[in-house]
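Colleague: One structure follows; several queries about it will come next.
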Amino acid sequence: MKVLVNGEIINRSEAKVDIEDRGYQFGDGVYEVVNIYEGIPFTLKEHIARLYRSANEIGIQLSEQPEQLCNRLMELIEANNMTNGGLYLQISRGVSNRSHHYDQTLTPQLVAYPLPFKNVSDAQAKGVEAITAEDLRWLRCDIKSLNLLYNIMVKQKASEAGAFESILIRDGIVTEGSSSNIFIIKDGILLTHPANNLILNGITRTKLLEIMDANGWDYKIQPFQKEDLMKADEVFLTSTTSEVMPIIKVDGVTFSQAKPGPFTRKFQTAFREVVKAETKTTTEKA
């Protein structure tokens, strides 16, 4: 496996992280995950734009321009002969003596490497289960930071309950999943939480809303209660690796007769068509 470390593509065995890297010690950094379809990174520019936004929000200044980074990631994909899978990309603030405050002249450390292909087609066809959990995270969930401890805790709670995801509730309002955005459908209308500081504005979430606009499909961006979730006609989540994933049961309550509903199916199909179209266009331009 080839990995990208601070602009250089090297063998995985050569990649090292300093014990005083602030990402390792404090989670002081940001990250992204990009899906690869037929050798093409889907919505790469959008992911990199969000990476730079997250970095800027925590005061990490990157010397490399987004387009340069995109080019290096394409070289990494080619170096690994990647067809389908993903890329993990992480930027920490840098290396320094351990101290909570930091020197603003630190050099950011960048690491990127391939992720194996994750086949979610069976789960998409059948739907998954979820549980709910209290949202006890900090109030800057819009930053895709390395600080994922609580997300991990509730994801593990879901796993131990035999579920796929934990749906987070803050003051009675459904925010998002531990690693996904949450949607409900009621009376033919899709609802999802506003993209504010309480959720991460998912790239798949954004792409799906663009698809909704393009097709003239109704949706509302507004907060909704846990009660609305439990009374929904259909529920689904979106994420880079899960795409559009039906949720057929939450806390033991079943939706759409324990199978993906018609609206969710429609959105799955529309999303996959966009993936095929955009990756085909990119391939033809190359």
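The values are calculated or read from the model by the stated rules, or taken from the named source; none is laboratory data. This structure is a prediction, so every number in the text was calculated from the model and none was measured. Heads up, the Cβs are rebuilt from the backbone with ideal geometry, glycines too, and the neighbour counts pull from every protein chain shown.
Colleague: Answer yes if at least one residue in the range 10-29 is under 28 Å from Asn201 (Cβ atoms), at pLDDT 95 or above and within 14 Å of the chain's Cα centre (by Cα), and no otherwise.
Modeller: No, the range 10-29 contains no residue that is under 28 Å from Asn201 (Cβ atoms), at pLDDT 95 or above and within 14 Å of the chain's Cα centre (by Cα).
Colleague: From the set of residues in the range 1-38 that are hydrophobic (A, V, I, L, M, F, W, C) and outside any strand (DSSP E or B), which is farthest from Thr105 (Cα to Cα)?
Modeller: Met1
Colleague: Looking at (1) surrounded by 15 or more Cβ atoms within 10 Å (Cβ to Cβ); (2) closer than 19 Å to Ala161 by Cβ; (3) among the β-branched types (Val, Ile, Thr), find the lone condition where Thr254 falls short.
Modeller: Unmet for Thr254, out of (1) surrounded by 15 or more Cβ atoms within 10 Å (Cβ to Cβ); (2) closer than 19 Å to Ala161 by Cβ; (3) among the β-branched types (Val, Ile, Thr): (1).
Colleague: Taking only pairs six or more apart or across chains, which ones have beta-carbon atoms under 8 Å, a first residue in the range 42-65 that is assigned by TED's automatic domain parsing to the domain that holds Arg93 and basic (Lys, Arg), and a second residue that is part of a loop (DSSP other than H, G, I, E, B) and surrounded by 14 or more Cβ atoms within 10 Å (Cβ to Cβ)?
Modeller: Close Cβ pairs (under 8 Å, with a partner that is part of a loop (DSSP other than H, G, I, E, B) and surrounded by 14 or more Cβ atoms within 10 Å (Cβ to Cβ)) amount to Arg50/Lys144; Arg50/Asn201.
Colleague: If I ask for residues that are part of a loop (DSSP other than H, G, I, E, B), among the aromatic types (Phe, Trp, Tyr) and surrounded by fewer than 18 Cβ atoms within 10 Å (Cβ to Cβ), which ones from the range 39-90 would you list?
Modeller: Restricting attention to the range 39-90, the residues satisfying the condition of being part of a loop (DSSP other than H, G, I, E, B) are 39, 42-43, 58-65, 80-84.
Okay, now just the ones that are also among the aromatic types (Phe, Trp, Tyr), so 42.
None; the set is empty.
Colleague: Still on this model: In the range 167-194, what residues are touching a strand residue (DSSP E or B) at 6+ places or on another chain (Cβ under 9 Å) and either free of Cβ contacts under 8 Å to residues at least 12 places away in the same chain or within 22 Å of Val274 (Cα to Cα) (or both)?
Modeller: The answer is Ser180, Asn181, Ile182, Phe183, Ile184, Ile185, Ile189, Leu190, Leu191, Thr192.
Colleague: Still on this structure, please answer the following. Answer with yes or no whether Tyr102 is out of contact with any strand residue (DSSP E or B) (no Cβ under 9 Å at 6 or more places or on another chain), of a type in the set (Phe, Trp, Tyr) and modelled with pLDDT of 95 or more.
Modeller: Spelling it out, Tyr102 is indeed out of contact with any strand residue (DSSP E or B) (no Cβ under 9 Å at 6 or more places or on another chain), of a type in the set (Phe, Trp, Tyr) and modelled with pLDDT of 95 or more.
Colleague: Do you know which residues across the range 211-230 are touching a residue at least 60 places away in the same chain (Cβ under 8 Å) and under 18 Å from Glu243 (Cβ atoms)?
Modeller: Scanning the range 211-230 gives a single hit, Ile211.
Colleague: Name the residue that is farthest from Arg272 (Cα to Cα), counting only residues in the range 1-38 that are among the hydrophobic types (A, V, I, L, M, F, W, C) and loosely packed, with under 14 Cβ neighbours inside 10 Å.
Modeller: Ile19
Colleague: Residue under question is Val111, and the condition is that it be under 22 Å from Gly177 (Cβ atoms), modelled with pLDDT of 95 or more, surrounded by 12 or more Cβ atoms within 10 Å (Cβ to Cβ) and not acidic (Asp, Glu); does it hold? Even if it seems obvious, please write down each step before you answer.
Modeller: Working: under 22 Å from Gly177 (Cβ atoms): no; modelled with pLDDT of 95 or more: yes; surrounded by 12 or more Cβ atoms within 10 Å (Cβ to Cβ): yes; not acidic (Asp, Glu): yes.
So Val111 fails the test.
Colleague: (1) touching a residue at least 60 places away in the same chain (Cβ under 8 Å); (2) part of a loop (DSSP other than H, G, I, E, B): which one isn't true of Asp103, the others all being true?
Modeller: Going through the list (1) touching a residue at least 60 places away in the same chain (Cβ under 8 Å); (2) part of a loop (DSSP other than H, G, I, E, B), Asp103 breaks only (1).
Colleague: Where the second residue is in a strand (DSSP E or B) and the first is among the basic types (Lys, Arg) and lies in the range 240-257, which pairs have Cβ atoms under 7 Å and are six or more apart or on separate chains?
Modeller: Qualifying pairs under 7 Å: Lys249/Glu129.
Colleague: If Gly23 satisfies every condition in (1) under 30 Å from Arg265 (Cα atoms); (2) in contact (Cβ under 8 Å) with a residue 24 or more places away in the chain but one, which is the exception?
Modeller: Here Gly23 clears every test but (1).
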